[in-house]
1. Explain nothing, just compute: Karplus ³J(HN,Hα) = 6.51 cos²θ - 1.76 cosθ + 1.60, θ = phi - 60°, for every residue of the range 57-62 in order, whole Hz, x for Gly and Pro.
2. Considering the range 37-90, what Rg and Dmax in Å follow from its alpha-carbon atoms?
3. Across the Cα atoms of the range 1-119, what radius of gyration and what greatest pairwise Cα-Cα distance (Dmax) are found, in Å?
4. With Cβ to Cβ distances under 15 Å as the rule, what net charge do the other residues near ILE41 carry (K, R +1; D, E -1)?
5. Rounded to the nearest 10 degrees, what's the angle between the helix 4-17 long axis and the longest principal axis of the chain, both from Cα atoms, 0 to 90?
6. Given the Cα-Cα distance of LEU104 and LYS87 and 0.36 nm per residue of separation, how much length would full extension add, in nm?
7. Hey, any idea what % of the chain's accessible area is carbon plus sulfur with a 1.4 Å probe?
8. Can you give the calculated 222 nm mean residue ellipticity of the chain, where each DSSP H run of n ≥ 4 adds -39,500 (n - 2.57) and the sum is split over every residue, rounded to the nearest 500 deg cm²/dmol?
Amino acid sequence: MPTQQQQIIEAYIQAYNQFDIAGMMANLSEGVVFENVTNGIVDLRLEGIEAFRQQAEAATAYFSQRQQIPTNWMFEGNVVTVSIEYKAALAIDLPNGMKNGDTLTLQGTSRFEFEGEAIVLIRDES
């Protein structure tokens, strides 16, 4: 039976996959911190639910479809680390040479830290 933390994360991922910003924000704390880490370097750090909302809304323009698929779960107290397979179809051209319509495929982890039922940190690493 899934834990409450797992259910909250599954709802977040489902909302992400459906471009549902309100659903993604449903269990975030007001002071949520979001970090994106690529090759060990933090390339995006946001603090606060409003900054998260603005970035999440902007990111919807980058993809025509996107899907995070959880492949493994690790639970350690108030921290849940989820191994993720990520697939997305680009809706724009990227500076790295990828073009509109190309498929982006990544593997990584998402670390969720909780205070009670609220997510206080999301750290995506790829």
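1. 5, 4, 5, 5, 6, 7
2. 13.6, 36
3. Computed over the Cα atoms of the range 1-119, radius of gyration and Dmax are 14.4, 44 Å.
4. Details: positive: ARG45, ARG123; negative: GLU35, ASP43, ASP124, GLU125.
Net local charge, ILE41 excluded: -2.
5. The answer is roughly 20 degrees.
6. Numbers: separation 17, 0.36 × 17 = 6.12 nm, distance 0.56 nm.
Full-extension gain reported as 5.6 nm.
7. Details: 3360 of 6980 Å².
Using a 1.4 Å probe with all protein chains present, the chain comes out at 48 percent carbon and sulfur.
8. On the way: 3 runs with 30 residues, N = 126.
Only helices count here, giving -7000 deg cm²/dmol.
The values are calculated or read from the model by the stated rules, or taken from the named source; none is laboratory data. For clarity, every value in this text was computed on a predicted model and none was experimentally measured. Please note: Cβ atoms are built from the backbone with ideal geometry, for glycine as well, and neighbour counts cover all protein chains shown. For accessibility, only protein heavy atoms count, side chains too; no ligands or nucleic acids. Shrake-Rupley method; radii C 1.70, N 1.55, O 1.52, S 1.80 Å.
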